[in-house]
Amino acid sequence: MGIFRLIWLQIRVISALTLRETRMTFGTSHSGYFWAILQPLISISFLVFLFYLIGRQAPYGASLALFFSTAILTLELYNKLSVSLMRAFTSNKSLLTYPMICETDTLFARLILIACTFVLINCLLYGGLIIFGFAGLPAHPEKIVLAFMVSCFLGLGIGTLNAILYHRNQGWQHVEKIFARPLFFLSGVFYIPSRLPPEAIAIIKWNPILHLVEWTREGYYPHYQSDILAIEYPLSLAAVLIMVALFLERITRKKRV
């Protein structure tokens, strides 16, 4: 019975932290949730408008909005986890004085909040595209769900490493931005990666976000086939990063007290 009580206590702690993070992130009004949904919508609308002005068609399929959505929603999820988890230790420093709360609880609370938020964003945006005739139903929804889950795991691993490095030196946030900025151009947002020259493919294939984007597109489009996608790469990388990050968090915990 003791272990079940501990598990139940841990669930209650993480649930309480998630509610606290929700109030801190979105406030008490509905405008916070609205802005969270509006951000990726603005990015997608801007790209659609830009391609429309220059007379470009969708790189694949008939809908520019759908093509961009499959990439931007995946990239936004990863970026949000990477940045938000980076500040989990410092912004919850006062709570860590309580013995029942540890650093990993704050990480999981933010992970749950961001994942649930993006589930809602995905449902609303894809649902809106379907309702207004810009997209059909996904051909393989299970692939979309799996790509989403692996994106969360990858974001958790990178976010935890960022949190450890940021706590040691807050200048890390500027270094993280340098690495994150090129991802928009390296993740296949506005092009089909398989159609690039072999020299370019040899470089961008090391980007795990690109594989997650391609996985999502294979899940949505009935005949989309990626020559780059290797499911085991982002999956194994996410697993390794999580194990390494949690191990480093554990051995450096006393130094952060």
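The values are calculated or read from the model by the stated rules, or taken from the named source; none is laboratory data. Given the structure is predicted, the values throughout are model-derived calculations rather than measurements. Counting neighbours? That spans all protein chains shown, and the Cβs are built from the backbone with ideal geometry, glycine included. Side chains included, ligands, DNA and RNA excluded: accessible areas come from the protein's heavy atoms. Shrake-Rupley method; radii C 1.70, N 1.55, O 1.52, S 1.80 Å.
What to note about this one:
- Search result, residues across region 209-235 that are part of a helix (DSSP H, G or I) and free of Cβ contacts under 8 Å to residues at least 24 places away in the same chain: HIS211, GLU232
- Residues in region 72-104 that are of a type in the set (A, V, I, L, M, F, W, C) and at pLDDT 85 or above: ILE72, LEU73, LEU75, LEU77, LEU81, VAL83, LEU85, MET86, ALA88, PHE89.
- Any hit, region 130-144, residues being surrounded by 14 or more Cβ atoms within 10 Å (Cβ to Cβ), of a type in the set (A, V, I, L, M), more than 26 Å from TYR33 (Cβ to Cβ) and in contact with a Gly (Cβ under 9 Å, 6 or more places away or on another chain): yes
- Condition met for LEU81 (surrounded by 19 or more Cβ atoms within 10 Å (Cβ to Cβ), touching a residue at least 40 places away in the same chain (Cβ under 8 Å), touching a Pro at 6+ places or on another chain (Cβ under 8 Å) and closer than 19 Å to SER43 by Cα): no
- Pairing residues of region 181-206 that are without any contact (Cβ under 8 Å) to a residue 60 or more places away in the chain with residues that are open to solvent by 70 Å² or more (accessible area, probe 1.4 Å) and assigned to a loop (DSSP other than H, G, I, E, B), at Cβ distances under 6 Å and at least 6 apart in sequence or on separate chains, gives SER194/ASP227.
- For region 61-96, a tally of residues being more than 20 Å from the chain's Cα centre (by Cα) and over 19 Å from ARG110 (Cβ atoms) returns 4.
- Of all the residues in region 124-152, those that are free of Cβ contacts under 8 Å to residues at least 40 places away in the same chain and assigned to a loop (DSSP other than H, G, I, E, B) number 4.
- When ALA238 is tested against (1) in contact with a helix residue (DSSP H, G or I) (Cβ under 6 Å, 6 or more places away or on another chain); (2) open to solvent by less than 20 Å² (accessible area, probe 1.4 Å); (3) without any contact (Cβ under 8 Å) to a residue 40 or more places away in the chain, only condition (3) is not met.
Residue by residue, here is whether (1) among the charged types (D, E, K, R); (2) surrounded by 11 or more Cβ atoms within 10 Å (Cβ to Cβ); (3) modelled with pLDDT under 85; (4) on the phi > 0 side of the Ramachandran plot holds:
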{"site": "SER31", "(1), (2), (3), (4)": "no, yes, yes, no"}
{"site": "LEU38", "(1), (2), (3), (4)": "no, yes, yes, no"}
{"site": "SER45", "(1), (2), (3), (4)": "no, yes, no, no"}
{"site": "ILE54", "(1), (2), (3), (4)": "no, no, no, no"}
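- Region 190-208 - residue that is over 22 Å from LEU156 (Cα atoms) and in a loop (DSSP other than H, G, I, E, B) and, of those, modelled with the lowest pLDDT: PHE190
Quick grid of which residues meet (1) of a type in the set (Phe, Trp, Tyr); (2) exposed (fewer than 14 other Cβ atoms within 10 Å of the Cβ); (3) at pLDDT 95 or above; (4) over 22 Å from ILE72 (Cα atoms):
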residue	(1), (2), (3), (4)
PHE179	yes, yes, no, no
LEU183	no, no, no, no
LEU210	no, no, yes, no
GLU214	no, no, yes, no
LYS254	no, yes, no, yes
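- Here ILE121 clears all of (1) assigned to a loop (DSSP other than H, G, I, E, B); (2) surrounded by 14 or more Cβ atoms within 10 Å (Cβ to Cβ) except the condition numbered (1).
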